[in-house]
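No lab work stands behind these numbers, since they all come straight from the coordinates. This one's a predicted model, so the numbers in the text were calculated from it and none came from an experiment. Cβ: placed from backbone, ideal geometry, glycine included. Neighbour counts: every protein chain shown.
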């Protein structure tokens, strides 16, 4: 089989290598933003957004020129999928945040989280717009798409979600990113479109940003937010039921057949 940009697969090891590229690019991006911050500290939020964009734009370029990969899954999404995906995203976000709250967060880490996200317009553009677009281009549009060409879907989806979680570099965001990443990966596999991932990622990040904006704390406890343990438990039960219901409803919507052949695991492309 000809090894083209459209049909190239990657191994799990290569997927981790791409993750390494993304993380390594934080260094040059930080050097650029650090210099700009010295020159224009009043534009901290905008400079942080620029650094983030430079990091992922650089990653997209490196992946294209080294692994010969590009994003190809821009198929249409049926309108009926969006409301179900939205409900599932919010439900899984609450479930994952509840699990994250079981891991004690040191005060210095909480301060870092609050300082990392500026609760202003530029901060939202970074978290609510740039992150959903750029991260979905890389983690689903490139990494998961290429893994799906070599491995069976469950393995490809889980490993791509693991890589997505590790990219956040902390156990609290890893849990949420892994859970939501599995959901996005599953829908990406079924409908073969990156747009649904961008939509779900946007909904998840926007909800988190708005909670942080109105509470003034990006690390607000979900138990406190819902008014106590009993209310929290009721909300969790509702979220589990909603998630299962959305999955069953989405399974009734016919999946999109892949336009590219799947390469059997173990078949290495040169």
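Tabulated data for the structure shown
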quantity	calculated
The chain, relative contact order in percent, only Cα pairs under 8 angstrom and at least six apart counted	30 percent
Taking 103, 12 and counting other C-beta atoms within 10 Å, the order from fewest to most	103, 12
Translational D in µm²/s for region 12-252 (Stokes-Einstein at 4 °C, 1.567 mPa s, Kirkwood Rh from C-alpha pairs)	69 µm²/s
Residue-averaged 222 nm ellipticity for the chain, from DSSP H runs of 4+ at -39500 (n - 2.57), nearest 500	-21500 deg cm²/dmol
Nitroxide proxy distance, nm - points 7 Å out along Cα→Cβ at residue 27 and residue 169	1.3 nm
Residue 224-residue 249 pseudo-label distance in nm [points 7 Å out on the Cα-to-Cβ vector]	3.3 nm
Burial ordering of 192, 111, fewest other beta-carbon atoms within 10 Å first	111, 192
GNM top mover of 161, 39, 17 - the chain, alpha-carbon springs below 10 Å	39
Fully extended contour minus Cα-Cα distance, from residue 257 to residue 215, at 0.36 nm per residue	10.7 nm
Residue 206 versus residue 62: modelled label distance in nm, points set 7 Å from Cα along the beta carbon direction	3.1 nm
